[in-house]
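Before any comments, here is the structure.
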Amino acid sequence: MTTYREAVREAIREALNADERVFLMGEDVGAYGGCYAVSKGLLEEFGPERIRDTPLSELTFVGAGIGAALGGMRPIVEIMTVNFSLLALDQIVNSAATLLHMSGGQFNVPLVIRIPTGAGRQVAAQHSHSLEGWFAHVPGLKVVAPATVADARGMLPTALADPDPVIIFEHAGLYGIEEELQEGAGAVPIDRAAVRREGTDVTLIAFGGMLGRTLESAAKLAEDAISAEVIDLRTLRPLDTEAILASVRKTHRAVVVDEEWRSGSLAAEISARIMEGAFFDLDGPVARVCSAEVPMPYARHLEQATLPQMPAIVQAARTLVGR
Amino acid sequence: MSIETPSVAHNTEGASPVEAVSADVAHAYRLLTEMLRIRRLEERSAELYQAEKIRGFLHLYIGEEAVAVGVLQALAPDDAVVATYREHGHALVRGVSARAIMAEMFGKQEGCSGGRGGSMHLFDAATRFYGGNAIVGGGLPLAVGLALADKMQGKKCVTACFFGDGAAAEGVFHESLNLAALWRLPTLFCCENNLYAMGTALARAQSQTRLVEKATANGVPATDVDGMDVEAVERAARRAADAIREGQGPQFLELRTYRFRSHSMFDPDLYRPKAEIEEWKQRCPIATYSGTLRERGMLDDASLASIEANVTREVDDAVAFAEAGTWEPLETLTRHVYSEESAKR
C-alpha cells in the first residue's frame, strides 16, 4: 500500500532523478522535511541546491519560481498552505498567468506550484480554506486536484511536462490515505475528469477532499436502490465540461459537492455549465452541497458542521430523485 | 571635428555610428546616440499619443535616459533584463528595434509583443528582455528567479532588474533582495530613483529615503550613482556587473534621476514644484553629455546634427512601419493563453 504523501514524494523524487532542471523550493521543504512530511528525506538525497528551503517570502519565492522557469529550469514550488498562497497571488495572477500572452507567445512559464488545501484538522480560519475556484478563474493557469493516490503520483509528472503553469491542490486530509498503486504507476492525463462510480439515477460531482465522502454517499444511496454516478473532476481548469454533461444527460440529475463557500464557487460554475449545456435533459434543478459561509471555526463540532457531510449529500440526491 | 556617422540600423544591431575613429570617441558617440534615440522616440510617442495612435497608459523616460544607456553598456548579449512599465528606452538600447517597439505601442501584430502588451509590456526573447512589468516591484522576484536559473545552469550571466523608488516601499523589494543576497545570485538591482512614485514624493512615503541603506540592510552591496551622468552610470554598472560575474552575489545601484515629463499622459503634474522640474532640466543628461564631449573636442555641430539626422530617420521609419502594420485577426484572440490549444473547453 502507498500513501498519498508517499506518492507525491515518489513523483518528486522521480522528477528530480529524471530531469536535472527540476528542483523543489518552499518553506521547510528541506531540513524540516515538509510541513506535511511530503519531502522528508529529499534534502539528504538531493542536496540543498535542488531541495531549497526558502525564507518566509511567498511572493518572492513564487516569483523566483516563475523567473527560474523563464530561465530554463523546471521548478516545483511548494506553498505551505492555501491561505499563504494569497501572499503570492500577485505573482501567480499577474505574472505566471499573463507572461505568455503579454509577450505575444514568446515567454511560457513551465512552473508547478503545489498547495495543500482544505479543512478538517481544526486549524481554524487561516489554514483551512478551499480557494481552488479563485485560481481556476484565471486564464493562463491550469489547476488540478488529485483525489486519489494514483493521481497524486501521476499528475505531478504531467504537470512538469506542461509548458504552462500548473497549480496542484493537495487536500491536506488526503496525505494519509492509502491505495494499492499499480506496478509502474506514472504520469496520468490532467485534462479530463474520471467517472469513479457508474450510476443511472443521479450524478454526484466532486473533487479533491470531497471525493471520498461523495463515494460513501453513493454507496449509502445504493442501499436504497438509488444508483448514483460519481464524477471526480480531477482538473479544475480547464473543466472537463463534456464529461459532466455526458453524465447528466444520462442521469438527468446533478449534485455538486464542493468544499468551497457556495458563493462564486466552482460548484456555481459547474451548475451554470450544466444549465447551459444540458438544461433540457434535467429533471430538476442542479443541487449544491458546499461549505457554510463562515470563516472556518476551530471547535470540532463547528468545523464539521461547516463542511459538506455525507448526510447532506445523500439528502440532496434523494430530494432530486424524489425518494 | 567631423565624424562620419553611418545611418543607424533599425534592427537589433543598433547604434554604434562610428567605426573609423578611436574606441573612446566611438563609445562616447554610442552613449550620446543611444540617449538621443530614446529621447526622440519618446517625444514622437507623446505626439502619437495626442494623435490617438498610441492609447492606454504611456509612461515616458525623458530625462532618465542616462540610466538605461549607462547600465546596459555593462551587459553581454546572453545577460537578461527585467524592466518596468517605463521601459521603451531599455528595450531600445537592449536591441529591440524601434520598429518593433513603435508597432507594439500602435497595437499591431508586428510589435515586439504582437500587440498583446502595448507600451507597458514590451518583451523580446532574442535579447532576453523579460518585460515590461507594470506591477510596481513585480519584476524583482522574476529577476531573482532568472538569476537563480542562470546560476544553477552554471552560466556566468547577469540579470539586470530596473525598478523605481516606489518599488522600495513594497514588501517584495525586501524579500527579493534578501533572497538574492542569501543565495548569492547574479542580480544587478537598478533602482531608478526619480523621487516620485507616481505623484507621491519619496520623503512623503518612505521613512528611509537613502535607498542604498535598504539594500545594505538586506545584505546587498549598494552604490549611490548620479543617474544624470551617463559615464558615471556606466562605470558603476560595469564595476557592479564585474563583481557579480566574479560570483560575489547581487549588487544594488541607486541611480538618482528625474523624469522631465509627467508620470503618464493622464497626469497633470500638480504635485511637483515648477522650480524643481526646471532645476533638474538644467541637468539634462543629453545636453550635459553633449557639452562634455564638446569640451573634450569630440563633438561639433556638424557631427551632432548628423547623429540627430540618423535618429530622426530611425524614428520616422519606425512610425511608418507601425502605421503600415496590421491588426491581428480577431479569430486569434485567445491565442497565447496556453502554449498549446489546451483551452478548447
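For this structure, a couple of remarks:
- Residues being within 9 Å of chain A (Cβ to nearest Cβ) and surrounded by 24 or more Cβ atoms within 10 Å (Cβ to Cβ) - total across segment B:140-176: 15
- Among the residues making up segment B:283-299, those that are closer than 18 Å to residue B:23 by Cα and in a loop (DSSP other than H, G, I, E, B) are B:296, B:297, B:298, B:299.
- Number of residues in segment A:11-55 that are under 23 Å from the mean Cα position of the chain (by Cα), among the aliphatic types (A, V, I, L, M) and in a loop (DSSP other than H, G, I, E, B) equals 3.
- For segment B:249-266, the set of residues classified as at pLDDT 95 or above and either assigned to a loop (DSSP other than H, G, I, E, B) or over 30 Å from residue B:156 (Cβ atoms) (or both) consists of B:249, B:250, B:257, B:258, B:259, B:260, listed by residue number.
- Some residue of segment B:95-109 being out of contact with any strand residue (DSSP E or B) (no Cβ under 9 Å at 6 or more places or on another chain), surrounded by fewer than 24 Cβ atoms within 10 Å (Cβ to Cβ), away from chain A (no Cβ under 14 Å) and within 25 Å of residue B:235 (Cβ to Cβ): no
- Count of segment B:113-157 residues which are touching a helix residue (DSSP H, G or I) at 6+ places or on another chain (Cβ under 6 Å), of a type in the set (A, V, I, L, M, F, W, C) and in contact (Cβ under 8 Å) with a residue 12 or more places away in the chain: 9
- Cross-chain or 6+ apart pairs with Cβ under 6 Å, segment A:162-178 first and closer than 14 Å to residue A:127 by Cβ, then surrounded by fewer than 23 Cβ atoms within 10 Å (Cβ to Cβ): A:173/A:120
- Test: residue in segment B:224-231 that is buried (at least 20 other Cβ atoms within 10 Å of the Cβ) and either basic (Lys, Arg) or free of Cβ contacts under 8 Å to residues at least 60 places away in the same chain (or both): yes
- Where residue B:78 falls short, out of the listed (1) under 16 Å from the mean Cα position of the chain (by Cα); (2) not hydrophobic (A, V, I, L, M, F, W, C); (3) not in a helix (DSSP H, G or I): (1)
- When segment B:243-253 is limited to residues that are surrounded by fewer than 24 Cβ atoms within 10 Å (Cβ to Cβ) and either without any contact (Cβ under 8 Å) to a residue 60 or more places away in the chain or in contact with a Leu (Cβ under 9 Å, 6 or more places away or on another chain) (or both), the one that is nearest to residue B:38 (Cα to Cα) turns out to be B:243.
The values are calculated or read from the model by the stated rules, or taken from the named source; none is laboratory data. Fair warning: this is a prediction, and the values are worked out from it, not measured in the lab. Positions of Cβ are backbone-derived with ideal geometry, glycine not excepted, and every protein chain shown enters the neighbour counts.
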